[in-house]
Amino acid sequence: MAETRHTSVLIIGSGPAGYTAGVYASRAMLSPILVQGIEPGGQLTTTTEVENWPGLTEVQGPDLMIQMEAHAKAMGCEIIGDIIMSLDTTARPFTAIGDSGTIYTADAVILATGARAKWLGLPSEDAYKGFGVSACATCDGFFYRGQEIVVIGGGNTAVEEALFLTNFASKVTLIHRRDELRAEKILIDRLMKNPKIEPLWFHQLDEVVGEDNPKGVTAVRVKHVKTGEITEIPCKGVFVAIGHAPANELVKDVLELHNGGYVTVKPGSTETSIPGIFAAGDLTDHKYRQAVTSAGMGCMAALDAERFIAENAV
């Protein structure tokens, strides 16, 4: 028979938002249960150096997430290695079912399932993730000071990242499979006027080229979409900027969404369109997508959940 676990606050997801929510909910004596999900630690577990976490000049992404998990545990948060497969939001207590078969019931739920960068799916792209291949310019651009890099994409994300990367790189090549960008006109205007950026039209990434000792990117091979001709471009960094996909599978049909699937929260809070369901971090945030902002929202979600439970006590 399936085990049923009840908690005041069920936290779904284990990135900076989830673990911070666990710390704050524990300090509020709510005895939270945190279910880690398919990727414990979230996107930071695939990052190497993190240099923008306050208080730590440099830390490895996986190490930071281990520390955050340990902090949540030390505060009293119960952390479970399970995957929530379904969430019933129609009645309180809310009911979630784990892949393990465990049934979780909760007076309030904090969604912290994050978002996933969209990738091209090339084996060579995967081989150099974290070693020259990135999907976050604000996270990793600093490491390419004075280097030549390439950006893949043609929308707002790609143009914004290319512009941002000119703060560090000596040259940015923007590779796009068409001959016009889908970005906002003001962004396109800035890009075309920037002397550090060179667009390469009608091309797509064919292969990331690198070395293994030390591991790093040395070039990309791009293919002309019309002729099939292959060109090799020397570079040290490859930024894949074709967008992010919020991990909204549990709630995409029940919660109000915005900007292509991000969960909508009320201004100044983490309240969603269903009372008692709160959302934090990259699941709601298409703009900043930083570990520190996710952690801040995790704090907000726990405080919002504490207030909700107090006001709705039976």
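No lab work stands behind these numbers, since they all come straight from the coordinates. Just so we're clear, the structure is a prediction, and the values are computed from it rather than from any experiment. Heads up, the Cβs are rebuilt from the backbone with ideal geometry, glycines too, and the neighbour counts pull from every protein chain shown.
A few remarks follow.
- Sorting the segments 235-245, 160-170, 184-194, 212-222 by their mean number of nearby beta carbons within 10 angstrom, highest to lowest, gives 235-245, 160-170, 212-222, 184-194.
- Those residues of the range 63-86 whose amide nitrogen sits under 20 Å from the label point placed on K215, 7 Å along Cα→Cβ: 63-66
- Efficiency of FRET between A2 and I242 - r from beta-carbon atoms, R0 35 angstrom, step 0.05: 0.30
- Tilt relative to the chain, helix 16-27 - C-alpha long axis, 0 to 90 degrees, to 10: 20
- Contact order, relative form, for the range 119-240: 31 percent (alpha carbon pairs under 8 Å, 6 or more residues apart, mean separation divided by residue count).
- Relative contact order (percent, whole number), the chain, Cα cutoff 8 Å, 6+ residue spacing: 21
- Taking the centroid of alpha carbons for each part, the range 51-65 and the range 72-125 are 24 Å apart.
- Inter-part distance where the range 164-190 and the range 243-260 are each reduced to a Cα centre, Å: 27
- The convex hull drawn around the Cα atoms of the chain, when projected onto a plane and averaged over every direction, covers 18.0 nm².
- With 18 Å as the limit, the listed pairs K118/K287; K73/K266; K266/K287; K129/K236; K118/K226 have K73/K266; K118/K226 beyond it between alpha carbons.
- Unpartnered cysteines - no second Cys beta carbon under 4.7 Å - across the chain: C77, C235, C299
- Förster-model FRET efficiency, 35 Å R0, K118 and A74, C-beta, rounded to 0.05: 0.50
- Under a Gaussian network description of the chain, with springs only between Cα atoms under 10 Å, the residue in V151, V263, V59 that fluctuates furthest is V59.
- Evaluated with a Cβ-only charge set (Lys, Arg +1; Asp, Glu -1), the chain carries a dipole of roughly 680 debye about its Cα centre, given to the nearest 20.
- Placing a pseudo-label 7 Å from each Cα along the Cα-to-Cβ vector at I83 and V254 gives an inter-label distance of 1.9 nm.
- When you restrict to C-alpha pairs under 8 Å that are six or more residues apart and normalise by the size of the range 216-260, the relative contact order lands at 30 percent.
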